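Heads up: the structure comes next, in structure tokens.
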Amino acid sequence: MPERYAAVVPQSAAVGAAALQGDAVRQSAERSRAAHRTRPHPGRREEEYLLLDARTGRPAPLSERVRAEAERRPALQAQDVQGELVQEQVEVATPICRELDEAAGHLLRLRHELATAAEVHGARLAAIGAAAWPEPGGTVVSEDLRYQDINCLAPGLVREQLINGLHVHVAVPTPAHGVEVLNRLRPDLPLLLAMSANSPYWQGRDSGFASWRTVHYQRWPVTGPPPHFANEHAYRQCVQSLLGSRAIVDTGQLYWQARVSERYPAVEVRCADVRLRADDGVLLAGVVRALVMTALEDMRAGHDHPPVPTELLTAAVWSAARHGLDDDFFDVRCGRSRRVGDVVVEMLEGSNPRSPAAATANTSASSPSASSAKATAQPGSGRSSGTPVFPRSSSSSPPRPRPPGPSRTRRAARRRADLRDTPWRSQLAMASRNVSSRVHSAGRPSTSRQAGATSRGGRGVRPSRRVAATAGPASRHPPAACRCSRSRRCRASGPRAAPCRRR
């Protein structure tokens with residue numbers, strides 16, 4: 001009996017005998033399937049860290065010593081800490097977890113124990129995506145035979161391979177399901193990368209990228225978003241062809257941002273940089289697991305997914321590595337740039353089965369009018385036929401009801417919302433435009449200190465309080481109102497003001 005059904009199959013003989021009759025069998029099967037759908041899929045997390053010298057802050061090749069020290073600690077097991085390609089790195093792997101709280105506890109335990117073991121040898125554990133200060137002499141390759149083969153294949157790349165990632169493994173029923181999940185996860189990989197960007201520095205300078213690790217990784221032969229595969233056979237055939245090209249040593253060098261595990265029926269999402277805080281890594285792992293579970297639910301419901309061209313995905317990945325969450329995001333589903341906050345909220349709502357957006361998407365996809373929606377898809381909108389995994393706003397949707405209140409309040413709230421979502425350079429440009437428009441609308445400032453002095457264009461300028469206080473008794477009299485049509489903007493008022501030309 002599979003492990004995932006152990007908690008939903010009746011254990012008592014009496015209950016099992018009662019369930020053998022008529023409708024009870026169907027009801028028991030429905031309860032079992034519902035419980036299996038709601039239970040979180042098991043998975044594990046892997047994190048890579050840098051070992052830095054405590055005095056200089058540069059990478060230190062102390063992986064073997066730190067691992068030996070970690071094995072002597074009772075809170076760590078042999079399979080918790082693993083070696084990496086270079087000895088300046090070390091990797092941890094959590095056990096298989098079903099709950100996020102369980103994964104968070106394991107990550108905190110591994111980080112604490114490993115950091116303590118590194119301090120014994122004068123090193124510090126750094127959870128950063130790329131080394132800010134690489135070692136001038138290059139890295140020290142680990143003694144494992146596989147790593148030595150990779151070093152012989154690409155010595156120049158191994159010499160600078162000081163980048164760390166977060167790998168999330170989520171279980172799937174079969175490898176065929178894993179290939180289909182890969183196809184459905186492809187449009188979400190750029191957004192996951194933008195949410196996890198944590199490698200801005202390289203060679204002692206600001207690289208200008210939010211995730212330099214992604215740009216650095218693209219020098220290997222098999223990187224970036226995975227291609228779209230028709231089925232499991234096409235996936236296996238592509239892997240065998242890559243192995244036959246001798247550009248990679250083994251399947252472990254399939255550095256796609258998402259791939260099917262070779263040892264377990266699971267999907268590995270590898271696009272994220274390692275996070276500085278453990279709870280951020282757990283949160284990102286929870287988002288990945290929700291996306292995988294949503295893809296499996298869409299497969300069971302028979303929902304189609306729009307294939308996305310690899311060229312658009314590559315451009316979106318580059319843009320996400322460049323800006324992270326600091327600028328607009330290129331949404332490959334609609335083929336245009338959007339606010340990154342809107343895209344993140346839609347992804348979270350679409351991956352939550354209790355949200356109204358997900359319920360609306362599932363209802364519209366299963367209704368008879370879904371076929372008509374496919375036929376009326378707008379060309380060039382970036383969507384293919386079929387209901388997308390996550391709902392997107394379109395021009396055909398009914399307008400949202402406006403909140404009650406005066407229009408001035410709505411405009412002020414909209415301006416404040418736009419200002420919060422605008423980068424600081426755009427905010428500065430917006431503020432400068434507002435100031436310049438106010439200056440030009442008020443007219444040129446007067447250089448005379450007499451109250452009521454006019455500017456060069458004949459239009460008067462309202463005196464300031466200091467000028468009005470020192471101008472004499474005449475300026476304290478209430479000014480006569482102008483009767484022209486521009487009474488609210490006219491400055492030709494006062495005892496000594498020039499006559500208005502529009503009167």
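Taking K and R as +1 and D and E as -1, what net charge do the other residues with C-beta under 13 Å from the C-beta of A60 add up to?
Result for the local shell: -1.
Of all trypsin sites (Lys or Arg not before Pro) in segment 120-173, which ones are in loop regions per DSSP and have a Cβ with at most 10 other Cβ atoms within 10 Å?
Taking segment 120-173 and a limit of 10 other Cβ atoms within 10 Å, no loop trypsin sites (Lys or Arg not before Pro) are found.
Under the rule a/c < 1.5 gives rounded, and otherwise a/b versus b/c splits prolate from oblate, where does segment 171-309 land using the Cα gyration tensor?
Oblate is the answer for segment 171-309, as a/c is 1.5 or above yet b/c matches or exceeds a/b.
Test of the criteria: in segment 66-172, which GluC sites (Glu not before Pro) are in a DSSP loop and have at most 12 other Cβ atoms within 10 angstrom of their Cβ?
Listed in order of number, the matching sites are E99, E143.
DSSP loop (so not H, G, I, E, B), at most 14 other Cβ within 10 Å: list which GluC sites (Glu not before Pro) in segment 233-313 pass both filters.
For GluC sites (Glu not before Pro) across segment 233-313 that sit outside H, G, I, E and B with at most 14 neighbouring Cβ atoms in 10 Å, the list reads E262.
If you add up the charges near A93, with Lys and Arg at +1 and Asp and Glu at -1, over every other residue whose beta carbon is less than 9 angstrom from its beta carbon, what do you get?
Net of charged neighbours comes to -2.
Which whole-Hz couplings ³J(HN,Hα) result when phi for each residue of segment 122-135 is put into the Karplus expression 6.51 cos²θ - 1.76 cosθ + 1.60, θ = phi - 60°, listed in order with x for Gly and Pro?
Listing the rounded values in order: x, 10, 10, 8, 10, 8, 10, x, 8, 6, 6, 10, x, 6 Hz.
Any idea how far the Cα center of segment 226-266 sits from the one of segment 67-132, in Å?
When both Cα centres are located, 28 Å separates them.
Considering only protein heavy atoms, with the full assembly of protein chains and a 1.4 angstrom probe, order S319, S241 by accessible area, largest first.
Ranked from most to least accessible, the order is S241, S319.
The values are calculated or read from the model by the stated rules, or taken from the named source; none is laboratory data. Since the model is a prediction, treat every value here as computed from it, not as a measurement. Cβ sites come from the backbone with ideal geometry, for glycine too, and all protein chains shown count toward neighbours. To get the accessible areas, we keep the full protein, side chains included, count just its heavy atoms, and leave off ligands, DNA and RNA. Shrake-Rupley method; radii C 1.70, N 1.55, O 1.52, S 1.80 Å.
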